Amino acid sequence: EEIEKRGYPHFMLKEIFEQPRAISDCLRGRLNLEDDTIHLGGIADQIDKLVDADRLIIAACGTSWHAGLVAEYLFEHLAKLPVEVEYASEFRYREALIDEDDVMLVISQSGETADTLAALRTAQERGALSLGVCNVVGSTIARDTDAGVYTHAGPEIGVASTKAFTTQVSVLVMMAILLGQKRGTIDQEYAKKLIHELNEIPGKVEEILEHSDSIKDMAKLFSYAPNFLYLGRTYNFPAALEGALKLKEISYIHAEGYPAAEMKHGPIALIDEMMPVVVVAATDHTNDKMISNIEEVKAREGRIISITGEENEEVINLSEFSCPIPETEDCLSPLLTAIPLQLLSYYIAVNRGCNVDQPRNLAKSVTVE
Ligand code: G6P
């Protein structure tokens, strides 16, 4: 086991640092930078059905469900395809409406999660085309879907998912651009920009990892907070949910992720000087709104930690701590904001003496109900 950790104290840290390589492996052979196209061999035979679909339904659990939420923003923005994201466990037990004009996309690192598999079976019984995004090659979901795309993240041992998430999002970005091109809903210049920018993501992740020590230092100051709030908007709302989940899973600190504007409908009542608020701020059209949210938190003495583009000076200046990340297109930003969020949870969990790789009560793959 020590050899497999390659000098890292935990699998989780090793897997966080593997992300530049994992994302490169995921993109390899799929991005064509010469003619600005995307090739996803696993779904090539089914792509026409996806192009003609009325609706895409995404079912998943845990971190994979968060990747699904990012996909909702991506597919609606780039491919103008209506998307519904379902907790697999809810989808399977309610009278969900799905038929042969819909496409079911299941996302699963392990490819074995019982609820996700059951949601897949339901969709198949109703005649929907089924697609999968899985990491484990030859897993049940990978075998039983009509077509799919592997994430190629390599084995993920830490219970808290890291590289599986960023590679899932990478696959979903590629699917959304490809579909946007096929459906004629994405401007080719923009598609070109995204494809080239996606190719830069592994290098940008590397840059963030080079500054991991500053996150380690910051984590020391917040390791004993009883609660955390994570706020995001648009593409970084799912990132905020994922950041909160990571903290809960491995450090046992209560954390909630919220769409920033919803803060005033509840969580704002909890804010005081004991409450760190992690703001995940993309620099899109919601930036001004996010700045007012930050001011609302500060007015109540909440402590702002921001994760935002390095040029977003306004947000950086308003924050007590900031993890600046390289600038990128907004729709790709969850691939970058995920990294400081993972590192923050990791270092806090280590400071609290938690069993990072095998947190209590959690399993890597939930194959029973
Ligand atoms: C468990 C794991 C999570 C994972 C979820 C879904 O809860 O601890 O890390 O996100 O299952 O797993 P899947 O393999 O379907 O992505």
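The values are calculated or read from the model by the stated rules, or taken from the named source; none is laboratory data. Computed from a predicted model, the values in this text were never measured in an experiment. Note: ideal-geometry Cβ built from the backbone for every residue, glycine included; neighbour counts use all protein chains shown.
Laid out as a table, the results:
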read-out: Given (1) touching a Phe, Trp or Tyr at 6+ places or on another chain (Cβ under 6 Å); (2) at pLDDT below 95; (3) crowded, with 24+ Cβ neighbours inside 10 Å, index of the condition Tyr235 fails; value: (2)
read-out: Within the stretch 276-296, tally of residues that are without any contact (Cβ under 8 Å) to a residue 40 or more places away in the chain and in contact with a strand residue (DSSP E or B) (Cβ under 8 Å, 6 or more places away or on another chain); value: 2
read-out: Helices (runs of 4 or more DSSP H) (entirely within the stretch 1-115) containing at least 3 residues that are hydrophobic (A, V, I, L, M, F, W, C); value: 11-17, 19-27, 47-51, 62-78
read-out: Residue within the stretch 176-189 that is polar (S, T, N, Q), modelled with pLDDT of 95 or more, assigned to a loop (DSSP other than H, G, I, E, B) and under 16 Å from Thr337 (Cβ atoms) present; value: no
read-out: Residues of the stretch 205-250 satisfying the condition of being assigned to a loop (DSSP other than H, G, I, E, B) and not polar (S, T, N, Q); value: His211, Tyr224, Ala225, Pro226, Arg233, Tyr235
read-out: Positions within the stretch 349-369 being surrounded by 17 or more Cβ atoms within 10 Å (Cβ to Cβ), closer than 29 Å to Asp115 by Cβ and either away from the ligand (no atom under 16 Å from the Cβ) or free of Cβ contacts under 8 Å to residues at least 24 places away in the same chain (or both), in sequence order; value: none
read-out: Cβ pairs under 8 Å, 6+ apart, first in the stretch 142-161 and under 14 Å from Met175 (Cβ atoms) and in contact (Cβ under 8 Å) with a residue 12 or more places away in the chain, second in a loop (DSSP other than H, G, I, E, B) and within 11 Å of the ligand (Cβ to nearest atom); value: Tyr150/Asn135; Thr151/Gln109; Thr151/Asn135
read-out: Residue match in the stretch 168-179 (condition: farther than 24 Å from Leu81 by Cα and in contact (Cβ under 8 Å) with a residue 40 or more places away in the chain); value: no
read-out: Residues of the stretch 312-367 classified as farther than 20 Å from Ile107 by Cβ and in a loop (DSSP other than H, G, I, E, B), total; value: 17
read-out: Conditions (1) surrounded by fewer than 21 Cβ atoms within 10 Å (Cβ to Cβ); (2) hydroxyl-bearing (Ser, Thr, Tyr); (3) touching a Lys or Arg at 6+ places or on another chain (Cβ under 7 Å); number of the one not met by Tyr190; value: (3)
read-out: Residue within the stretch 280-294 that is in contact with a Cys (Cβ under 7 Å, 6 or more places away or on another chain), of a type outside the set (Asp, Glu) and not in a helix (DSSP H, G or I) present; value: no
read-out: Meets criteria (more than 20 Å from Thr166 (Cα to Cα), within 20 Å of the chain's Cα centre (by Cα), aliphatic (A, V, I, L, M) and not in a loop (DSSP other than H, G, I, E, B)) for Ile305; value: yes
read-out: Verdict on Ala282 being in contact with a Gly (Cβ under 8 Å, 6 or more places away or on another chain), modelled with pLDDT under 95 and of a type in the set (A, V, I, L, M); value: yes
read-out: Residue match in the stretch 75-87 (condition: within 16 Å of Thr166 (Cβ to Cβ), crowded, with 22+ Cβ neighbours inside 10 Å and modelled with pLDDT of 95 or more); value: no
read-out: Single residue of the stretch 104-127 satisfying the filter (surrounded by fewer than 24 Cβ atoms within 10 Å (Cβ to Cβ) and aliphatic (A, V, I, L, M)) that is farthest from the chain's Cα centre (by Cα); value: Ala118
read-out: Criterion violated by Arg55 - all others in (1) within 15 Å of the ligand (Cβ to nearest atom); (2) at pLDDT 95 or above satisfied; value: (1)
read-out: Options Cys323, Cys331; residue that is in contact with a helix residue (DSSP H, G or I) (Cβ under 8 Å, 6 or more places away or on another chain), of a type outside the set (Gly, Ala, Ser) and either within 16 Å of the ligand (Cβ to nearest atom) or under 18 Å from Leu209 (Cβ atoms) (or both); value: Cys323
read-out: Residue that is nearest to the ligand (Cβ to nearest atom), among those in the stretch 131-175 that are assigned to a loop (DSSP other than H, G, I, E, B) and of a type in the set (Val, Ile, Thr); value: Val159
